1. Every residue in segment A:400-421 that is modelled with pLDDT under 90 and open to solvent by 20 Å² or more (accessible area, probe 1.4 Å), please.
2. Identify, from the list A:VAL587, A:VAL580, A:VAL633, the residue that is away from every other protein chain (no Cβ under 14 Å), within 47 Å of the chain's Cα centre (by Cα) and open to solvent by 70 Å² or more (accessible area, probe 1.4 Å).
3. Just need a number here: residues in segment A:590-625 that are within 14 Å of chain B (Cβ to nearest Cβ) and either open to solvent by 70 Å² or more (accessible area, probe 1.4 Å) or charged (D, E, K, R) (or both).
4. For the condition within 14 Å of another protein chain (Cβ to nearest Cβ), under 29 Å from B:ALA82 (Cα atoms) and not acidic (Asp, Glu), what is the one hit in B:ALA14, B:ALA19?
5. Looking at segment B:43-66, which of its residues are acidic (Asp, Glu) and open to solvent by 80 Å² or more (accessible area, probe 1.4 Å)?
6. I need the full set of residues from segment A:560-595 which are under 30 Å from A:MET246 (Cα atoms) and basic (Lys, Arg), in order please.
7. Residues in segment A:466-481: is at least one aliphatic (A, V, I, L, M), open to solvent by less than 20 Å² (accessible area, probe 1.4 Å) and in a helix (DSSP H, G or I)?
8. Do any residues in segment A:382-409 that are farther than 29 Å from A:GLY491 by Cβ have Cβ atoms under 6 Å from those of residues that are modelled with pLDDT of 90 or more and among the hydroxyl-bearing types (Ser, Thr, Tyr), where the two are at least six apart or on different chains, and which pairs are they?
Amino acid sequence: MSYTLIIVALPFLMFLFLGLVGGKMKPVVAGLIGTTGLIISTVLSYIAAGSYFFSVGKIGETYQTIVPMNFEWLRFTDKLHIDLGIMLDPISVMMLVVITTVSLMVHIYSFGYMKGERGFQRYYALLSLFSFSMLGLVIAPNIFQMYIFWELVGVSSYSLIGFYYTKPSAVAASKKAFIVTRFADLFFLIGILVLSFYSGTFSFRDLTSPAGCAFAQSITDTFMGWSVVSWAMMLIFIGGAGKSAMLPFHIWLPDAMEGPTPVSALIHAATMVVAGVFLVARMFPVYIFGAPDVLTIITYIGATTALFAAVIACTQTDIKRVLAFSTISQIAYMITALGVSGYGAHEGLGYMASMFHLFTHAFFKALLFLGAGAVIHAVHSNEMDSMGGLRKYLPITHITFLIACLSISGIPPFSGFFSKDEILVAAFEKNQIVFWCLYFCAGLTAFYMFRLYYRIFWGDNNKVYQHTPHEAPASMTIPLIFLAALTCVVGFIPFSEFISTDKTVFHTHIEWSIASLSILVAVTGIAIATWMYRKKNTSSDKVTASIKGLYTAAYHKFYFDEIWIFVTKKIIFNGISQPVAWFDRHVVDGFMNLQSTITNYLSRKIKFTQSGEIQDYAWAFMMGAVVIISLLVFI
Amino acid sequence: MSNIPLAGYLIVSAIMFFAGVYGFLSRRNMLTILMSLELMLNAADINFVAFNKFLYPGQMDGAFFAMFAIGVSAAETAIAIAIIINIYRNIKNIYVDEVNKMKY
């Protein structure tokens, strides 16, 4: 299985190549080279997945963890060393498939979308860098390598969000994304250090094996009433929450939509934002055995975020922002599913459901974003108000977008239905409050997705456009069709036979009592959206007016940005930074300045004794020698 | 030859040395200063040889020191002259009090 190295290395080589000499090539050539590299990676990931799931990895009913290569990089103590290598287990192989597929679709799509943009070569180089870092993250055999690639993902995301670097809002958004996620990563790093200090290892294999989990239970040290393992796992989760845009770190994701739309599809829908989910899934045995209390917190954070983001998504008018909040909400679903999961075959349903939803969500959310990109490409605007009746002009985009909307709303037989159903079942078995919260979100999801759909493709049918919108070129519609086909079929994959908490095959079936409830709420949501938005009418204004307070708050994203600004600017800057700066400027610097002033003054006074004439010195030396000798001789 | 007392050598050496000191302190021309320097070194060499001859007639240490000092001074002179030539090329004279470009 050592050819998996090529999957990861190839995008990196592409990045180096395109980054160094891409500027001298024709844009299309550079794009083709980057895409070719990724096609090879994709094919190899499919081969790897096929051989892992059906022959190499499966022994009896259990999947093995394979480490095809691993070398020691930095050694701290005999047990504690940082390695670099590759680890294959069900979730990392699944992520390889997801990342390469979505990335390949985005590569192809960008030929049409980014055509004629300045920095086309740079764009492809950065896409390759991002693919490399994300692939390196998922195959990491130890938490430190994961952290390294985690930061690389952050950097490449930063440069892709700020791709239009002449636009101040894009620059601000990229800085915001980087700083917020970096702030959360600080906690991640502390968590890693605490965990490895107590467990003495970085390796996932040791940490998540039953023996590794035993360490977690044997540690009795506490800090502020919480066991240190819980602290470590909580800190690690905060890192994951930063990348996955959980409350209260979600503020960067909506702004990150300033980047090119294919980038949003790749990074902020399908891959990077699920890194936090992947992290929790990766460390899941430690959570469940060492820190179940943290898992409860994770559940509630996830459920709150899901609800909160869904409410906001209902009020936004920028189509990409609607999708951004929808992403936050769906990722929160996955996090919640992990939170309610147990360990074992059927107890681990939530874990399986979370990974399943990650898998299906990656495809239909990428499809939604790429569809939105095609719409933006056609009408040159992100605002819903400048759209309407587009189904006549963009038939392919319309159909694929509709499929994705049905999928995310949870309508069978599209993929979202299956994974969402599993999550709801898992939540229902564990925690009723969370279940009803998620259930309500499912309705909201259907509502806001169809609000989006109707306002783009229906609504004002007689809208007059300055330029008649036209269907996107084939390079953009082919990825749409491919992803739509995937969205229709991936739901039928028997996921529990591939992924489970203890890596053992188990069987699930659709729980029709809960499935029918979720279909009911989805249909209700769609029906309300149809009533309000299908034709241009005043019903939506009336509804808005009747819940004015909530609407305004949600429209302003519940003032979270303002709260963060208040906390950072008013409290931290004025309360801490300013006094510290004053102390530094007046006391610390003042003392140093005093010393230098005195020295300067004195040296000005005595500098004339240093004439620089060698003969003066020699004279002084001579006289001194004479005096000393006379003293020695005569006394 | 052998009836010249030690004091004779020392007197000659002292005269040479102070002639060198005087030249070193009073002259502005770098070449003259260099010559004065050589004068002082040679005075010291005479002392070495004289003391060797009178105090430890069986040994050669002092003579070796003198030879060594002559060798070193030759090398030093070569460097000093090179420096002086360079200074001359830059400022067109070799008076020590004119070489003050780097001064405050």
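1. Of everything in segment A:400-421, those that are modelled with pLDDT under 90 and open to solvent by 20 Å² or more (accessible area, probe 1.4 Å) turn out to be A:ILE411, A:PRO412, A:PRO413, A:PHE414, A:PHE418.
2. Values: A:VAL587 fails: open to solvent by 70 Å² or more (accessible area, probe 1.4 Å); A:VAL633 fails: within 47 Å of the chain's Cα centre (by Cα).
Every option except A:VAL580 fails the conditions.
3. Of all residues in segment A:590-625, those within 14 Å of chain B (Cβ to nearest Cβ) come to A:600, A:603-625.
Add one more test, that the residue is either open to solvent by 70 Å² or more (accessible area, probe 1.4 Å) or charged (D, E, K, R) (or both), and what stays is A:600, A:604-610, A:613-614, A:616-617, A:619, A:621, A:623.
Within segment A:590-625, residues that are within 14 Å of chain B (Cβ to nearest Cβ) and either open to solvent by 70 Å² or more (accessible area, probe 1.4 Å) or charged (D, E, K, R) (or both) number 15.
4. On the way: B:ALA14 fails: under 29 Å from B:ALA82 (Cα atoms).
Sole residue among the options that is within 14 Å of another protein chain (Cβ to nearest Cβ), under 29 Å from B:ALA82 (Cα atoms) and not acidic (Asp, Glu): B:ALA19.
5. Going residue by residue through segment B:43-66, those that are acidic (Asp, Glu) are B:45, B:61.
Within segment B:43-66, B:ASP61 is the sole residue that qualifies.
6. Result: A:LYS569, A:LYS570.
7. Our first condition is that a residue be aliphatic (A, V, I, L, M); within segment A:466-481, this holds for A:472, A:474, A:476, A:478, A:480-481.
Subset that is open to solvent by less than 20 Å² (accessible area, probe 1.4 Å): A:472, A:476, A:480.
The next check asks that each one be in a helix (DSSP H, G or I); those that pass are A:476, A:480.
For segment A:466-481, residues aliphatic (A, V, I, L, M), open to solvent by less than 20 Å² (accessible area, probe 1.4 Å) and in a helix (DSSP H, G or I): present.
8. none
The values are calculated or read from the model by the stated rules, or taken from the named source; none is laboratory data. Note that the structure is a prediction, hence the values are computed from the model and not measured. In this analysis, Cβ positions are derived from the backbone assuming ideal geometry, glycine residues included, and neighbour counts consider all displayed protein chains. Note: areas computed on protein heavy atoms with side chains; ligands, DNA, RNA excluded. Shrake-Rupley method; radii C 1.70, N 1.55, O 1.52, S 1.80 Å.
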